[in-house]
Each structure stands twice: as structure tokens, then as C-alpha cells.
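Enquirer: My questions will all concern the structure given below.
The values are calculated or read from the model by the stated rules, or taken from the named source; none is laboratory data. All of these numbers come straight from a predicted model, not from anything done at the bench. Note that each Cβ is placed from the backbone with ideal geometry, even for glycine, and that neighbours are counted across all protein chains shown. Remember, those area values only see protein heavy atoms, side chains included, never the ligands or the DNA or RNA. Shrake-Rupley method; radii C 1.70, N 1.55, O 1.52, S 1.80 Å.
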Amino acid sequence: MHVVNADIETIFRKVADLLDILNANPFRIRAYRNAAATIAGLSRDVADMVSRNEDLTRLPGIGRDLSKKILEIVETGHLRFLDTLEKNAHASFSELMEIPGLGPRKVKALYDALDIRNIEELEEAAEQGRIALVAGFGKKSQQNILKEIVRRKERSRRITYQAAMFAAEPLLSYLRACDDITQVAIAGSFRRCRETIGDLDLLVTCRRGADAVRHFTRYDGVADILSSGNTRSSVVLHSGLQVDLRVVPQVSWGAALLYFTGSWQHNIALRKLAIGRGLKLNEYGLFREHERIAGKSEKEVYACLDIPFIAPELREDRGEIQAAAKHQLPALVSLDDIRGDLHMHTTRTDGHNSILQMAEAAQSKGYEYIAITDHSRQVRIAHGMDAEALAAHIEDIDAIQRKMPGIAILKGVEVDILRDGTLDLPDEILQQLDIVICAVHYHFDLSLQQQTRRIIKALEHPCTRILAHPTGRLLTRRQPYAVDMQAVMKAARDTGCVLEINSAPKRLDLNDQHCRMAKEMGVKVSIDSDAHSTGDLDFLQNGINQARRGWLEPEDVINTRSLTELKKLLQQEA
Ligand code: DGT
Ligand code: CA
Ligand code: CA
């Protein structure tokens, strides 16, 4: 991110607008408006002047205070004063001004007349018909406001990575089919493989920008065109997902990809690195004075900053740049490293395919081993097994194993952790299994201490090998239960238990930070599909993404091991 004069101007205008709405001293308001005008009229780049240590107070209308604020904006891209202005007034006027038709004057009118400070208050007033009565508003504008609020709500929803992928794939093929478009990529959080996605950020190179934009806006998945120009456009798909498209010059492809992949924290850190070397980094390239020294590819930009390519999954400014500088980036695990899948269900409980079908599907993926891990009796909605049913299931698995010598089918169970931390099946039957996965399915609302104690007790059971979906969260639906993950990980380490990265798109549990924590605490993880059908075996890529975001390497993951090594690990008692 490179702060250009227009960014500073925008921030100052916003401050002036907010002060205006808040009925501040008119001289103060005018000072910001004047400063904005000064910056807008400059023929020189303010950020440049800052990097040369020039005295900004020599500019007309810029005193010591404003010059300090400019410094802050150039340094950080933000002005804290702008946030506190609203915070102190318990208001979100900027959000209100994002509603089409609501400029600073209208927002001020609503604030003065009805004391409306945020979208919720605006919605309430509109529903009660009070907006239409304010001077300058009418029934029609009141209705438009309500419509826009509904749209915003839809847009602000984050969706799972998987849902974003289903939306992105057909759109990508559609764009690739356009003769005019020479290159397409998805940047943003999607490329960083975040577990949820706010919107999609597409980059294209093409012969004529306007043609590419036209082709994009004509995609039949488009419900609404928010904006459309020669080099950029934003649309909303029928699903409510927003997609931003930017046309970038070929010479800037790498720099733009880097910039729009983010995260913005990573961008800021990179930009600081560039500034430290007397260079300037923005979405058009890496520059020494006015000469572009890199920009065609990301690799080239990183190389000119003397660091190796950083995988998008790591770009969160969580130490990746420092690690890169020391050539200590992790050699991230990938799907190719995976030799088996240790969590899946069959028709015995709530799966849709038989043991044989699951084993065949896994074998055709090239896996060396799988574990069949159906539910225990407590999980009634999944037709969980009691000891007798599990005994029969064990025989069934043995029978299929005899038919399929090409893949090892481990006998397992996903046993429910009861409220008191005991396991839902007797030890005698658990001891006959190759692998025992335990998991919480009920009593999510225990206190932090109770839940932590419960889970640790389950880990201390001599049969337990893996803790499945350790925090119980469901993305966009259910928060994790209260649990002290540090204590759980310590217990896992002490008992030789493994924590699962459950790859079901709604779970992705452990999350990325917990993966990293596991690695740092010396706890191994197992990346599993939790498949309920043969097709679900493909979920594994989601878990791999999460593991990569958590800096995991093949050796941190038990199912990258050969069967012999895995068996040794599973038999090992702490
Ligand atoms: P999302 O869409 O909420 O899942 O997350 P992102 O990371 O895709 O964020 P988005 O769509 O707002 O912006 C895409 C990228 O563009 C972001 O990762 C970095 C870059 N970017 C956007 N706005 C800024 C900014 O204000 N400063 C900086 N440095 N970079 C920005
Ligand atoms: Ca995005
Ligand atoms: Ca975006």
C-alpha cells in the first residue's frame, strides 16, 4: 500500500465531515477542508516529501498538528483520530455515509433531527416511517434506505472458503473463455486460503480493459453491478457474494497480485522493508526513484527485497517476513505428502457409503491406509454403535481388509466424550481397535474449567489417540465452546495424543492459530476428512490449507507417515 495524496485528502475530508455532523467548531472544520484542498492541489507526492524529511508546515494551511497527522497517514495508511472521533460520539457516521444517497449533509440532518448515529438506528427509524418526515427526505428515499440496508446485511456475511470456491470456479472458466482476457487470478483472502471469505478479488490482464470489464459484468451469475469502469468493476452475484475485478498492466502483474492478495498487514510490513532500502512498493511495482525494478512476478518483487517467495497462506504478518529474511520459512505440507485419512464414516452410522466403497475410493486416491471411525452410541442422531454393534463392525472391516490387500484399513471409532470426560464405550472394546478418536458432541455450554477438565480426562484415557474437531465450532454457525486450548495441548503432549484438523468445510477445526500453537508446543496433528461419503474424501485439501496457514510441515502431521511409522506412533504410550 502506497499512500497517495488522494488518500490523505479523503481522510481529511472525512474528518471535516464528521466534525461537521458532530456540530464542532466551524474553524476546525474549515481547517481540515482547507488542508484537504491544499493536498489535492499539490503537484508533488506528499509521501515522497515525508521520505525526504521535508517540512510539511511550509505548505499553506498545514500547521504542526496537521503535519503530524499527515505523517501518521503516510506511515500507517490510517488516522486514529478519525476512529476516535466516532467512537467518542458512540456513532458510525462513516458507515451511514456509505449508504448511497446519504452524504454528510443528509447524515447530519438525520443526526440533528432524530439523533441517528448508526445503521441500526437508521433501520429502526426507517421502519417506523420517521425518516420520511425529516426535511430533505421522503417516502421514496426512506424505502431506498431500507432496501440498501437489507443488501448490506447480505453482503457483510462471510462465507466458507468452499462456498467461495463453488462461486469462483465457473466464473473463472467464464473469464478464461474471453479472447480479450490474457490472464486471470483470484487474489485476496481466497488466495491466502482463509477459512471464510468476505469477497472475491479478481485480477486480469487483457488487451482492452473496457472489453474485459464488459465481459465480466455480463456473467449470468451477476445479480447487481455496483460499479463498472475501464479498469475496475464490482458486482454482486446471486448468492450475495461480492466480486471485485481489477484490470492490471502486464508489467505490474506480480506487484498487483502481491498487493491485492494482502493481507494488508503483510503489505504494510513489506512496504516498510522496501522503504528501509530506499525503495517504494505499490500495486504497480517496486521502484527506485522512478525506475521500476520489479513487478512482473511476485517472486521478482520478493527477490529484489532479498527474500524468497512467501506462500500466500503465510501472508498475515505473523513473522513470515522475518522468517523469510533468515531463510527459515517452513517447508509447508501439501496434499502430495498425505498417505492416508484417519477419520471417516460408513453406512454403519451416518455415512452414505459402505466400508468397501470408502476403501476403494481411498485406494484410488493413492492412499496407503485409512481408518474407519464410526460414531458411538451416545450420538443417536447418527445411529451411534454400542459395544455389540462395534464388535460386528470390526468383523466387517476385517472381512473387507481380506478382500483389499492394497490398502490398510484401520479399525477405529469416533467415541463420544461424555459430560464427565469418560468415553462412551467400554475399555474392552476400545482396546480391540487400531485407533480411537474421541470428540465432544454434546454439552457445549460447560464452563471453561469444566470443559477443559472434561477433554483432558478423555485424552488421559489410555486408549485415546486423536481428539477430533477440538473446539467444536461450525463456521458462520456456531462459536467454539469455551476451552483452554493451551491446557488441552499440554495434556495432548503429555499423553502422546494427536489433535485433528478436521477438514470438513464447515469445521476447519483446529483453526490456523491453533495449528501453529500445536507445532510450537510439540503436539502432532492429523489432517482428516471426516468423510460421510466417498466424495467427501476430497475435503482434505481444506485441512491442508488450514495446516499451511498454521505453518505446518510434513513432519508435524502424522498421516504423512508410512503405515509402519504411523503404527509405531499409534502404539506408543506416553
Ligand atoms: P475479505 O475479503 O474480507 O475476506 O479479506 P481480503 O483480505 O480479501 O480483503 P479485501 O477484499 O478488503 O482486500 C483485498 C486485498 O487488497 C487485501 O488483502 C489487501 C489489499 N488492500 C485492500 N485495502 C487495503 C488497504 O487499505 N491497505 C492495504 N495495505 N492493502 C489493502
Ligand atoms: Ca476479498
Ligand atoms: Ca475486495
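Enquirer: Given the criteria touching a residue at least 24 places away in the same chain (Cβ under 8 Å) and either among the hydrophobic types (A, V, I, L, M, F, W, C) or open to solvent by 10 Å² or more (accessible area, probe 1.4 Å) (or both), does residue 416 qualify? Step through it out loud before you land on a result.
Expert: On the way: touching a residue at least 24 places away in the same chain (Cβ under 8 Å): yes; either among the hydrophobic types (A, V, I, L, M, F, W, C) or open to solvent by 10 Å² or more (accessible area, probe 1.4 Å) (or both): no.
No: the conditions fail for residue 416.
Enquirer: While we're looking at this one, here's another question. Can you name every residue in the stretch 362-384 that is open to solvent by less than 60 Å² (accessible area, probe 1.4 Å) and more than 25 Å from residue 439 (Cα to Cα)?
Expert: Residue satisfying the conditions is 366 alone.
Enquirer: Regarding residue 331, is this residue within 21 Å of residue 561 (Cβ to Cβ), surrounded by fewer than 17 Cβ atoms within 10 Å (Cβ to Cβ) and modelled with pLDDT of 95 or more?
Expert: On the way: within 21 Å of residue 561 (Cβ to Cβ): yes; surrounded by fewer than 17 Cβ atoms within 10 Å (Cβ to Cβ): yes; modelled with pLDDT of 95 or more: yes.
So residue 331 fits the description; yes.
Enquirer: Mind telling me which of the residues 246, 151, 158 ends up being modelled with pLDDT under 95, within 16 Å of ligand 2 (Cβ to nearest atom) and charged (D, E, K, R)? I'd like the intermediate steps shown before the answer.
Expert: On the way: 246 fails: modelled with pLDDT under 95; 151 fails: within 16 Å of ligand 2 (Cβ to nearest atom).
Of the residues listed, the single one that is modelled with pLDDT under 95, within 16 Å of ligand 2 (Cβ to nearest atom) and charged (D, E, K, R) is 158.
Enquirer: Something else: Just name the residue that is surrounded by the most Cβ atoms within 10 Å (Cβ to Cβ) out of those in the stretch 474-487 that are outside any helix (DSSP H, G or I) and free of Cβ contacts under 8 Å to residues at least 40 places away in the same chain.
Expert: Taking the candidates together, the pick is 483.
Enquirer: Determine, yes or no, whether residue 454 is farther than 27 Å from residue 339 by Cβ, at pLDDT 95 or above, in the same structural domain as residue 499 (by TED's automatic domain parsing) and charged (D, E, K, R). So that I can check it myself, show each step before the final result.
Expert: Numbers: farther than 27 Å from residue 339 by Cβ: yes; at pLDDT 95 or above: yes; in the same structural domain as residue 499 (by TED's automatic domain parsing): yes; charged (D, E, K, R): yes.
The answer is yes for residue 454.
Residue by residue, here is whether (1) in a helix (DSSP H, G or I); (2) buried (at least 21 other Cβ atoms within 10 Å of the Cβ) holds:
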position	(1), (2)
490	yes, no
516	yes, no
523	no, yes
533	no, no
566	yes, yes
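Enquirer: Residues that are charged (D, E, K, R) and farther than 23 Å from residue 514 by Cα, at least 1 per element: which helices (runs of 4 or more DSSP H) completely within the stretch 372-473 meet that? Please lay out each step first, then the result.
Expert: Working: elements: 387-403, 427-430, 448-460.
So the answer is 387-403, 427-430.
Enquirer: When the stretch 230-269 is examined, which residues are found to be of a type in the set (Val, Ile, Thr) and either within 11 Å of ligand 3 (Cβ to nearest atom) or under 30 Å from residue 304 (Cβ atoms) (or both)? Don't jump to the end; show me each part of the working.
Expert: Start the filter on the stretch 230-269 by keeping residues that are of a type in the set (Val, Ile, Thr), which leaves 231, 235-236, 243, 247-248, 251, 261, 268.
Selection gives 231, 243, 247, 248, 251, 261, 268.
Enquirer: Related question: Hey, among 217, 205, which residue is more than 24 Å from the chain's Cα centre (by Cα), away from ligand 1 (no atom under 15 Å from the Cβ) and open to solvent by 20 Å² or more (accessible area, probe 1.4 Å)?
Expert: Working: 205 fails: open to solvent by 20 Å² or more (accessible area, probe 1.4 Å).
So the residue among 217, 205 that is more than 24 Å from the chain's Cα centre (by Cα), away from ligand 1 (no atom under 15 Å from the Cβ) and open to solvent by 20 Å² or more (accessible area, probe 1.4 Å) is 217.
Enquirer: Considering only residues that are outside any helix (DSSP H, G or I) and either surrounded by 15 or more Cβ atoms within 10 Å (Cβ to Cβ) or in contact (Cβ under 8 Å) with a residue 60 or more places away in the chain (or both), which ones fall in the stretch 119-155?
Expert: Within the stretch 119-155, the subset outside any helix (DSSP H, G or I) is 128-130, 134-138.
Those that are outside any helix (DSSP H, G or I) and either surrounded by 15 or more Cβ atoms within 10 Å (Cβ to Cβ) or in contact (Cβ under 8 Å) with a residue 60 or more places away in the chain (or both): 130, 134, 137.
Enquirer: Still on this model: Can you pull out every residue in the stretch 304-319 that is in a helix (DSSP H, G or I) and touching a residue at least 40 places away in the same chain (Cβ under 8 Å)?
Expert: Of the stretch 304-319, the ones in a helix (DSSP H, G or I) are 304, 312-314.
Across the stretch 304-319, the qualifying residues are 312, 313, 314.
Enquirer: May I ask you to verify whether residue 199 is under 26 Å from the mean Cα position of the chain (by Cα), of a type in the set (Asp, Glu) and either away from ligand 3 (no atom under 14 Å from the Cβ) or crowded, with 16+ Cβ neighbours inside 10 Å (or both)?
Expert: The answer is yes for residue 199.
Enquirer: Follow-up. Looking only at the stretch 55-64, decide whether some residue is in the same structural domain as residue 21 (by TED's automatic domain parsing), buried (at least 17 other Cβ atoms within 10 Å of the Cβ), touching a residue at least 60 places away in the same chain (Cβ under 8 Å) and assigned to a helix (DSSP H, G or I). First the steps, then the outcome.
Expert: Taking the stretch 55-64 and keeping what is in the same structural domain as residue 21 (by TED's automatic domain parsing), we get 55-64.
Then drop every residue that is not buried (at least 17 other Cβ atoms within 10 Å of the Cβ), which leaves 56, 59, 62.
Then drop every residue that is not touching a residue at least 60 places away in the same chain (Cβ under 8 Å), which leaves none.
Checked the stretch 55-64: no residue is in the same structural domain as residue 21 (by TED's automatic domain parsing), buried (at least 17 other Cβ atoms within 10 Å of the Cβ), touching a residue at least 60 places away in the same chain (Cβ under 8 Å) and assigned to a helix (DSSP H, G or I).
Enquirer: Could you please find all residues in the stretch 161-196 being crowded, with 19+ Cβ neighbours inside 10 Å, β-branched (Val, Ile, Thr) and away from ligand 3 (no atom under 12 Å from the Cβ)?
Expert: If the condition is that a residue be crowded, with 19+ Cβ neighbours inside 10 Å, β-branched (Val, Ile, Thr) and away from ligand 3 (no atom under 12 Å from the Cβ), then 181, 184 are the ones that fit.
Enquirer: Moving to a separate point now. Answer with yes or no whether residue 224 is within 30 Å of residue 321 (Cα to Cα) and within 16 Å of ligand 3 (Cβ to nearest atom).
Expert: Working: within 30 Å of residue 321 (Cα to Cα): no; within 16 Å of ligand 3 (Cβ to nearest atom): yes.
Against the criterion (within 30 Å of residue 321 (Cα to Cα) and within 16 Å of ligand 3 (Cβ to nearest atom)), residue 224 does not qualify.
Enquirer: Looking at 255, 223, 210, can you tell me which residue is touching a strand residue (DSSP E or B) at 6+ places or on another chain (Cβ under 9 Å) and crowded, with 16+ Cβ neighbours inside 10 Å?
Expert: Working: 223 fails: crowded, with 16+ Cβ neighbours inside 10 Å; 210 fails: crowded, with 16+ Cβ neighbours inside 10 Å.
From the options 255, 223, 210, the qualifying one is 255.
Enquirer: Next question, about the same structure. Considering only the stretch 174-190, how many residues are more than 8 Å from ligand 1 (Cβ to nearest atom) and either touching a residue at least 12 places away in the same chain (Cβ under 8 Å) or in the same structural domain as residue 477 (by TED's automatic domain parsing) (or both)?
Expert: Of all residues in the stretch 174-190, those more than 8 Å from ligand 1 (Cβ to nearest atom) come to 174-186.
After this cut, where a residue has to be either touching a residue at least 12 places away in the same chain (Cβ under 8 Å) or in the same structural domain as residue 477 (by TED's automatic domain parsing) (or both) as well, the list is 174-175, 178, 180-186.
Residues that pass the stated criteria total 10.
Enquirer: Tell me, yes or no, whether the stretch 226-236 has at least one residue that is of a type in the set (Ser, Thr, Tyr), within 15 Å of ligand 2 (Cβ to nearest atom) and closer than 20 Å to residue 168 by Cα. Show your work before the answer.
Expert: Of all residues in the stretch 226-236, those of a type in the set (Ser, Thr, Tyr) come to 227-228, 231, 233-234.
Now narrow it down to the ones that are within 15 Å of ligand 2 (Cβ to nearest atom): 233-234.
Still in the list and also closer than 20 Å to residue 168 by Cα: 233-234.
Yes: one or more hits.
Enquirer: For the stretch 341-350: of the residues being surrounded by fewer than 24 Cβ atoms within 10 Å (Cβ to Cβ) and not basic (Lys, Arg), which is nearest to the chain's Cα centre (by Cα)? Write out each step before concluding.
Expert: Here is the first cut: in the stretch 341-350, the residues surrounded by fewer than 24 Cβ atoms within 10 Å (Cβ to Cβ) are 345, 347-350.
Now drop any that are not not basic (Lys, Arg), which leaves 345, 347, 349-350.
Details: 345: 28, 347: 33, 349: 32, 350: 30 Å.
Here the answer is 345.
Enquirer: Here is a follow-up. If residue 274 meets every condition in (1) open to solvent by 60 Å² or more (accessible area, probe 1.4 Å); (2) within 28 Å of residue 76 (Cβ to Cβ) apart from one, which number is that one?
Expert: Condition not satisfied by residue 274: (1).
Enquirer: Looking only at the stretch 320-338, count every residue that is part of a loop (DSSP other than H, G, I, E, B) and closer than 24 Å to residue 161 by Cα and tell me the total. Working first, answer last.
Expert: So the first thing to find is which residues in the stretch 320-338 are part of a loop (DSSP other than H, G, I, E, B), and the list is 326-334, 338.
Add one more test, that the residue is closer than 24 Å to residue 161 by Cα, and what stays is 330-334, 338.
Looking only at that region, the number is 6.
Enquirer: Do you know which residues across the stretch 73-104 are surrounded by fewer than 16 Cβ atoms within 10 Å (Cβ to Cβ) and under 18 Å from residue 39 (Cα atoms)?
Expert: Within the stretch 73-104, 75, 76, 78 qualify.
Enquirer: Return the residues of the stretch 385-404 that are touching a Lys or Arg at 6+ places or on another chain (Cβ under 8 Å) and either surrounded by fewer than 16 Cβ atoms within 10 Å (Cβ to Cβ) or modelled with pLDDT under 95 (or both); say none if nothing qualifies.
Expert: The initial filter retains those residues of the stretch 385-404 that are touching a Lys or Arg at 6+ places or on another chain (Cβ under 8 Å), namely 385-386, 389, 393-394, 396-398.
Of everything in the stretch 385-404, those that are touching a Lys or Arg at 6+ places or on another chain (Cβ under 8 Å) and either surrounded by fewer than 16 Cβ atoms within 10 Å (Cβ to Cβ) or modelled with pLDDT under 95 (or both) turn out to be 386, 398.
Enquirer: Confirm whether residue 220 is acidic (Asp, Glu), more than 16 Å from ligand 2 (Cβ to nearest atom) and modelled with pLDDT of 95 or more.
Expert: Working: acidic (Asp, Glu): yes; more than 16 Å from ligand 2 (Cβ to nearest atom): yes; modelled with pLDDT of 95 or more: yes.
Yes; evaluated as a whole, the condition is true for this residue.
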